[in-house]
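Computed from the coordinates by the stated procedures, all read-outs in this text should not be read as laboratory data. In this text the structure is predicted, and so the values were computed from the model without any measurement. Methodologically, a virtual Cβ is constructed for each residue, glycine included, from the backbone with ideal geometry; neighbour enumeration extends over all protein chains shown.
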2 protein chains.
Amino acid sequence: MTKAHDPTLAAIGKNVKRIRRASGKTQEGLALEAEIDRTYVSQIERGIANPSVLVLRKVAFCLGATLSEIVAGA
Amino acid sequence: MTKAHDPTLAAIGKNVKRIRRASGKTQEGLALEAEIDRTYVSQIERGIANPSVLVLRKVAFCLGATLSEIVAGA
């Protein structure tokens with residue numbers, strides 16, 4: 001399900017992208033570690049996916065971040 | 001999908017319950033406002049539902065809280 005231009009999802013996506021880049025991981029690397037599809041990582045970062053808590057936690061864990069950091073400002 | 005004993009979902013559930021009670025709302029009142037099923041509110045509070053970002057945001061909004069408050073410590 002895509003949710004174009006949702007500000008909450010967009011803010012979470014920007015956080016994931018920033019934290020992922022800071023960690024030196026690629027979308028593909030993160031996807032492999034988190035066991036989710038690379039296109040889903042891309043959708044999360046673009047704010048057009050509506051991920052569940054457990055998906056976000058897995059992403060956070062793989063990036064060495066907390067769920068709070070992932071949703072900061074969202 | 002139930003996720004018994006997941007610490008992240010349990011922490012979020014406790015936050016929702018605490019904030020909902022502080023707001024004076026019942027599970028049913030919150031469910032009606034957030035347009036989700038009352039049993040789903042109950043499942044979230046018990047930490048056995050894995051809600052999406054947009055469901056949690058709706059819950060937060062109806063409780064006058066932020067997403068960050070909902071996931072605090074999770």
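A few points about this structure:
For (1) of a type in the set (Val, Ile, Thr); (2) within 11 Å of the chain's Cα centre (by Cα); (3) not in a helix (DSSP H, G or I), each residue gets a yes or a no:
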position: A:Ile12; (1), (2), (3): yes, yes, no
position: A:Glu28; (1), (2), (3): no, no, no
position: A:Ser42; (1), (2), (3): no, yes, no
position: A:Lys58; (1), (2), (3): no, yes, no
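- Counting the residues of the range B:9-60 that are touching a residue at least 40 places away in the same chain (Cβ under 8 Å) and surrounded by fewer than 19 Cβ atoms within 10 Å (Cβ to Cβ) gives 3.
- Filtering the range B:26-45 to residues that are within 14 Å of another protein chain (Cβ to nearest Cβ) and within 16 Å of B:Asp6 (Cα to Cα) leaves B:Gln43, B:Ile44, B:Glu45.
- One residue stands out in the range A:61-71 among those that are under 16 Å from B:Ser52 (Cα atoms) and touching a residue at least 40 places away in the same chain (Cβ under 8 Å): the one that is nearest to the other protein chains (Cβ to nearest Cβ), namely A:Val71.
- Residue under evaluation B:Ala49, criteria (1) part of a loop (DSSP other than H, G, I, E, B); (2) more than 24 Å from A:Gly47 (Cβ to Cβ); (3) within 14 Å of another protein chain (Cβ to nearest Cβ); (4) in contact with a helix residue (DSSP H, G or I) (Cβ under 9 Å, 6 or more places away or on another chain), criterion not met: (2)
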